[in-house]
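The values are calculated or read from the model by the stated rules, or taken from the named source; none is laboratory data. No experiment lies behind these values; they were computed from the predicted model shown. So basically every Cβ, Gly included, is an ideal-geometry build from the backbone, and we count neighbours across all protein chains shown. Note: accessible area is taken over every heavy atom of the protein model, side chains too, but ligands, DNA and RNA are not part of it. Shrake-Rupley method; radii C 1.70, N 1.55, O 1.52, S 1.80 Å.
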Amino acid sequence: MEPFSNAYSLETKGLNLWYGDFQALRDISARIRGGIITGLIGPSGCGKTTFLRCFNRINERYGNVSTSGEIRVLGKNIYEPDVCLQELRKSVGMVFQRPNPLPLSVYENVVFGLRIHSPWGSLPKAELDAAVEEALREVFLWDGLKDRLDTPATALQLEQQQKLCIARLLPLKPRVILMDEPCSALDAEGTKAIEDLMDSLRGRYTMLIVTHNMAQARRVTEECIYMLNGVLVEHASTEDLFLYPKDERTEAYIQGRYG
Amino acid sequence: MVGWIYLCGVSSIIFVFSIFFFVFREGAPFLRDRFDFKEFFFSPEWYPNSDLNKRYGALALILGTASVTLFAMLIAVPFGLGAAIFISEFCAGKFKEALKITIEILAAIPSVVWGFIGLMVMSPLIIWATGAPVGLNVLNGGIVVALMSLPVIVSISEDALKAVPDTFREAALALGATRWQVIYKVLLPAAKNGLLAAALLGVGRAVGETMAVYMTTGHSVNIPFDSRFPLFHPLQSVRTLTATIAAELGEAPHLHPDPSGNYPPEAHHYQVLFVIGILLFAITFAINLTADLVVKGIRRKG
Ligand SMILES: Nc1ncnc2c1ncn2[C@@H]1O[C@H](COP(=O)(O)OP(=O)(O)OP(=O)(O)O)[C@@H](O)[C@H]1O
Ligand SMILES: [Mg+2]
């Protein structure tokens, strides 16, 4: 896999976002480095999910959203008129809070991305099979599921579903993976498994992870962003943010005084 | 008080059974004395009034119903599905509400008004456009019935699409699917049971429709196809099962049996109309039951 050519995979400059007339993001300027895992922490309702969903422009599904400012993904301004949303979303994968495999077989979930991005009938079966095996191996599902690739994905355990949701991004060779509290629906064991998985993907993808779990942020992330009321308060290496927070609001949060 | 509520609740069961009992009782003597399976289902000769040789072949009537229903569904299913997709996936807010209300109003237009439109508006149009000698035929009835069954198809399909969790749409969109890919790769498969049920209820509506069909299909007992149109000929006039009952029940004498329990042959006309009623009952019952099971199927899975 080629190295990240831009030091920063995700950048925003003066980003504001409104739901109707409620402002959810305020003047956020952030630069998220390529190839590392960056955590996004902050109290409930501070805009983490909203911020995350800006990078693949999936916020625009809701009719009442308006944004201003600049967002760059891999150096490219994603609001430029020549940007193709489908291509953008191909290179920026997203994992949701609740595992949401499509109501299809395990196999079809993994190849879904390939199918929608290729003309009908242009993908040889062998190529799809290989992609499925590779993706499922990456997420440690292959050994458990290789004999049941045609079971409905919605029948899997939650942990397996979430891994599958990560696996289905991989055949599209994304550079960025956005995860919104990927472990919040899982038990301790499932959480551990997903964390191990993130760890094994580290370095190959730029990952931005929303989490409510301070311990998790410390375990898996290299840098962290602390947000409060739609404002980016502090962005530093995880160690610095947790041990030597510069802003007293960050300090208050990580010491558990609110949130 | 509780007793009253209970009565209200079970009244529908009582009504269904009483109606079925009544229809069956009226038709039973024909089934016992005169019914000939082969004649009824395979002969197009419907001469219940003939003085010398009464014949009760319902094939033409069955085919009349079938052709009008089929033609109506060919129009209403794709169109209704399209409308449902439009309402559920492409519209929001006030416009969506307005559309849904309009479709409900469509459902509230009385049958006889539709018949009137078929008679006065569509018929001349059909004559003008196709050069057919009469404008009252399968085409006319089919279009009218299509419009009449549209509301139920649209609203049930829309419910089915609405029931697909939004997370599926989001998952597909986030993988870079276009709107259309989301629709045909995710939504339609996920909602297929509900959509099938919608189509079935549309069929049920079409089979049972009476007055509008009576007024628009030309009312002639006819097998609506020939070698050139093996499926059906849209410009043939037909007569449906329902229209036959509506038209003939008034003139068929309701006679009583002699003391030994035998009916005169003239009594059979009235009775055979009830046998047609039983047939319609059976068809719509089967359709509704299937639709119900299909819908329950989704619930159990999802
Ligand atoms: N679709 C929407 N329409 C209107 N307001 C919204 C919408 N989504 C989020 N908001 C509001 O925007 C603010 C930020 O929400 P967001 O979901 O981004 O917070 P969050 O940090 O992810 O919270 P949580 O930790 O609970 O997931 C909240 O006040 C929320 O009520
Ligand atoms: Mg959130």
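Are there any pairs, at least 6 apart or on different chains, whose C-beta atoms fall under 7 Å, with the first in segment B:45-61 and open to solvent by 80 Å² or more (accessible area, probe 1.4 Å) and the second assigned to a loop (DSSP other than H, G, I, E, B) and among the basic types (Lys, Arg), and if so, which?
Sorted first by the residue in segment B:45-61, then by its partner, the pairs are B:TYR47/B:LYS54.
It is to be established whether one or more residues within segment A:119-140 are in contact with a strand residue (DSSP E or B) (Cβ under 6 Å, 6 or more places away or on another chain) and open to solvent by 50 Å² or more (accessible area, probe 1.4 Å).
No.
Among the candidates A:LEU40, A:LEU74, which residue alone is more than 28 Å from B:LEU187 (Cβ to Cβ), within 16 Å of ligand 2 (Cβ to nearest atom) and in contact (Cβ under 8 Å) with a residue 24 or more places away in the chain?
Exactly one of A:LEU40, A:LEU74 is more than 28 Å from B:LEU187 (Cβ to Cβ), within 16 Å of ligand 2 (Cβ to nearest atom) and in contact (Cβ under 8 Å) with a residue 24 or more places away in the chain, namely A:LEU40.
A:PHE140 passes all but one of (1) of a type outside the set (Val, Ile, Thr); (2) within 14 Å of chain B (Cβ to nearest Cβ); (3) on the phi > 0 side of the Ramachandran plot; which number fails?
For A:PHE140, the exception is condition (2).
Here is a yes/no grid of residues against (1) part of a helix (DSSP H, G or I); (2) surrounded by 22 or more Cβ atoms within 10 Å (Cβ to Cβ); (3) more than 8 Å from every other protein chain (Cβ to nearest Cβ):
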residue: B:GLU158; (1), (2), (3): yes, yes, yes
residue: B:ALA171; (1), (2), (3): yes, yes, no
residue: B:GLY176; (1), (2), (3): no, yes, no
residue: B:TRP180; (1), (2), (3): yes, no, yes
residue: B:ILE183; (1), (2), (3): yes, no, yes
residue: B:GLY194; (1), (2), (3): yes, yes, yes
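Take segment A:94-103 and flag every residue that is under 22 Å from B:ILE183 (Cβ atoms), under 11 Å from the mean Cα position of the chain (by Cα) and open to solvent by less than 10 Å² (accessible area, probe 1.4 Å).
Within segment A:94-103, A:MET94 is the sole residue that qualifies.
Could you say which residue among B:VAL112, B:VAL138 is β-branched (Val, Ile, Thr), buried (at least 16 other Cβ atoms within 10 Å of the Cβ) and away from every other protein chain (no Cβ under 14 Å)?
After ruling out the rest, the residue left standing is B:VAL138.
Given the criteria away from ligand 2 (no atom under 16 Å from the Cβ) and surrounded by fewer than 19 Cβ atoms within 10 Å (Cβ to Cβ), does A:VAL106 qualify?
no
Suppose the filter is under 16 Å from the mean Cα position of the chain (by Cα) and either open to solvent by 10 Å² or more (accessible area, probe 1.4 Å) or within 13 Å of chain B (Cβ to nearest Cβ) (or both); does A:GLN86 pass it?
Answer is no for this residue.
Looking at B:ILE143, is it more than 14 Å from every other protein chain (Cβ to nearest Cβ) and either of a type in the set (Lys, Arg) or more than 16 Å from the chain's Cα centre (by Cα) (or both)?
When the stated conditions are applied, B:ILE143 does not pass them.
So, A:GLY63, is that one open to solvent by 10 Å² or more (accessible area, probe 1.4 Å), within 14 Å of another protein chain (Cβ to nearest Cβ), closer than 23 Å to B:ARG179 by Cα and within 13 Å of ligand 1 (Cβ to nearest atom) or not?
The answer is yes for A:GLY63.
Quick one: count up the residues across segment A:21-53 that are more than 10 Å from ligand 1 (Cβ to nearest atom) and either of a type outside the set (D, E, K, R) or closer than 26 Å to A:GLY203 by Cα (or both).
12
For residues that are away from ligand 2 (no atom under 14 Å from the Cβ) and of a type in the set (Val, Ile, Thr), scanning just segment A:43-68, find the one that is farthest from A:GLN97 (Cα to Cα).
Within segment A:43-68, the match that is farthest from A:GLN97 (Cα to Cα) is A:THR67.
Let me confirm something: among B:VAL77, B:VAL16, which residue is in a helix (DSSP H, G or I) and either touching a Phe, Trp or Tyr at 6+ places or on another chain (Cβ under 8 Å) or at pLDDT 95 or above (or both)?
The unique qualifying residue is B:VAL77.
Scanning for something within 16 Å of ligand 1 (Cβ to nearest atom), within 14 Å of chain B (Cβ to nearest Cβ) and open to solvent by 10 Å² or more (accessible area, probe 1.4 Å), does segment A:163-174 turn up at least one residue?
There is no residue in segment A:163-174 that is within 16 Å of ligand 1 (Cβ to nearest atom), within 14 Å of chain B (Cβ to nearest Cβ) and open to solvent by 10 Å² or more (accessible area, probe 1.4 Å).
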